[in-house]
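One structure below.
The values are calculated or read from the model by the stated rules, or taken from the named source; none is laboratory data. As the structure is a prediction and not an experimental result, all values here were calculated from the model. Note: ideal-geometry Cβ built from the backbone for every residue, glycine included; neighbour counts use all protein chains shown. For the accessible areas, the whole protein counts, side chains as well, though only heavy atoms, and no ligand, DNA or RNA atoms are used. Shrake-Rupley method; radii C 1.70, N 1.55, O 1.52, S 1.80 Å.
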Amino acid sequence: MILSGRSGGACQLTGMEEIWRRTKGDPRVLIAILDGPVDLSHPSLAGARLTALGGPAAACHGAAACGHGTHVASLIFAQHGRGPLKGVAPRCRGIAIPLFADDPARPGEVRPCPQSELARAIEAAVGYGARVINISAGQPGPPAAADPRLRRAVELCVSRGVLIVAAAGNDGCDCLHLPAALPGVLTVGAHDEAGGPSEASNYGKEYRRQGIVAPGLSILGAAPGGGYERRSGTSFAAPLVAGLAGLLLSARLERRGYLTPGDAREVQVALLKSAAPCDFEDRRECRRLLAGRVVPLEAFDLYLKGATHMDQLAKHSPPS
């Protein structure tokens, strides 16, 4: 089911202005959003290379799912200069795959989505050529509880060089969600304005190995109908990281001219290795920050440094 740093607008991630001077994304990098429907008529998305599976007929119906999907999409694709938002990767191409709808039996709530349907949506995103998949949703459970088809869909992404970025969940406990806890997924939790862990953000041993935290408190995003609103939760931390991953891939593509299946894994490693480690005196609280806080500029530089190193190795390696 759907999961439910305050700033003056712009983008909630620090250091983005420097990165945007290098790249704002490349349309050859496709980011898929598996979420609720998106209000593509929102002013912040005017000019975005964002399409919805199903076309205009898949537009927003109902407040809960559409509000969530529109907010998430705007954090990645909001066009700069068209309002108070600056999407993280405004020039990347995007596809919104509607996965959730309002629950007619529970006004204001979203109807749960079976894991098999999530798996089909992941497979569809891979088929459309996605390089990054954002999933701001999940169901409670450890990796062993995953539907076999969902597990296979995640394994497909790993083998094809597609990075899944998934929200950690908002139960505020040492507890896991799927698909965030599956091997190969980049898990994203939430931190507050001061860099401390969000009380609602989930944590756990698997998350500390494969997860980072990003701003997730009072995040400004687009609302259906042309407005803006603030929302909190790991659902809104995840797309910030997904957009950043899209920028890293874009920079490598623009520099090297092509991407390989290994690039997605290297993005994940760069984000994890560059994360700011916990500096709390109470070390017990460190588990809530997973592997650390995302540091966009350091991740960007680390990733491109790795690209330069590998290019040099390729140039000097003997032919096979």
Overall form of the chain per C-alpha gyration tensor (a/c, 1.5; a/b vs b/c): rounded
Residue (of Cys60, Leu13, Leu156) at the positive-pole extreme of the chain, dipole from beta-carbon charges: Leu156
So if each residue of separation counts as 0.36 nm, and I subtract the Cα-Cα distance between Ala63 and Arg106, what length gain in nm does that give? 14.3 nm
Given 0.36 nm per residue, what is the gain on full extension from Asp174 to Arg209 after removing their alpha carbon distance, in nm? 11.2 nm
Cβ-defined net charge surrounding Phe77, 13 Å radius [Lys, Arg +1; Asp, Glu -1]: +4
Order of 288-294, 120-126, 241-247 by packing, highest average Cβ count within 10 Å first? 241-247, 288-294, 120-126
Assuming R0 = 56 Å, can you tell me the calculated FRET efficiency for the pair Arg284 and Ala46, based on Cβ-Cβ distance, to the nearest 0.05? 0.75
³J(HN,Hα), Karplus 6.51/-1.76/1.60, whole Hz, each residue of region 85-93, x for Gly, Pro: 9, 10, x, 5, 10, x, 9, 6, 8
Ranked output for segments 170-183, 203-216, 139-152, 41-54 by mean other Cβ atoms within 10 Å, highest leading, reads 203-216, 170-183, 41-54, 139-152
Let me know the shape class of region 216-297, please: from the alpha-carbon gyration tensor, a ≥ b ≥ c as square roots of the eigenvalues, rounded when a/c is under 1.5, otherwise prolate if a/b is greater than b/c, or oblate. oblate
So, with a 1.4 angstrom probe, what is the percent of accessible area on the chain that is carbon and sulfur? 53
Under a plain spin-label model, where a point goes 7 Å from the Cα along Cα-to-Cβ, how far apart in nm are Ser116 and Glu193? 4.7
Among Leu176, Gly233, Ile133, which residue has its Cα furthest toward the positive end of the charge dipole of region 82-236, with +1 on Lys/Arg Cβ and -1 on Asp/Glu Cβ? Ile133
Nothing charged except the Cβ atoms of Lys and Arg (+1) and of Asp and Glu (-1): what's the magnitude of the dipole of the chain about its Cα centre? Round to the nearest 20 debye. 900
Here the equivalent ellipsoid of region 93-187, derived from its Cα gyration tensor, has semi-axes (largest first, whole Å) of 21, 17, 12
Net charge around Leu271, counting only other residues with Cβ within less than 15 Å of its Cβ (Lys, Arg = +1; Asp, Glu = -1)? +4
Checked region 197-245 with the C-alpha gyration tensor, a ≥ b ≥ c its square-rooted eigenvalues, rounded below a/c of 1.5, otherwise prolate if a/b is larger than b/c and oblate if not; verdict prolate
Please report how many Lys pairs in the chain have alpha carbons closer than 21 angstrom, counting only residues at least 8 apart along the chain or sitting on separate chains. 5
Which value results for Rg/Rh of region 31-185 when Rg is the Cα radius of gyration and Rh the Kirkwood radius based on the inverse mean 1/r? 0.96
Could you check the simple spin-label distance between Glu254 and Arg160, using points 7 Å along Cα→Cβ, in nm with one decimal? 2.6
So who's got an amide H within less than 5 Å of the one on Asp102, skipping anything under 5 residues away but keeping other chains? H placed 1.01 Å off N, in plane. Ala65, Arg111
To the nearest Å², the heavy-atom accessible area per residue of region 154-311 with 1.4 Å probe amounts to 37
Volume in Å³ per residue [convex hull over Cα atoms, computed for region 153-198]: 73
Placed amide H near Ile164: partners under 5 Å, 5+ positions off or other chain: Ile133, Leu186
